[in-house]
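Each remark here refers to the structure printed beneath this line.
We did not get these values from a lab; they are worked out from the coordinates using the rules stated. Just so it is clear, the structure is predicted and the values come from calculations on it, not from any experiment.
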Amino acid sequence: MIEFKCPVCGQMTSIHEESVSLGAEVLCRECGAILLIDKVEPLVLTELDLTDD
Ligand SMILES: [Zn+2]
């Protein structure tokens, strides 16, 4: 498991290594936000903005 800090809720959470790939979507287990993997090394995640109108 890889630990990361959720940019939305600020909590530490973790994901499986297999889930880590550039552009992949990850669900924060703490707040339920959908995060997009921006960088893999080091791991950088951004909140996926679903409001696109
Ligand atoms: Zn979160």
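Of note:
- Rounded to whole Hz, the Karplus (6.51, -1.76, 1.60) HN-Hα couplings of region 11-20, x for glycine and proline: 8, 7, 9, 9, 9, 5, 4, 5, 7, 8
- One equal scatterer on each Cα of the chain, no solvent, Debye formula: the resulting log10 I(q)/I(0) at q = 0.14, 0.19, 0.31 Å⁻¹ is -0.30, -0.56, -1.43.
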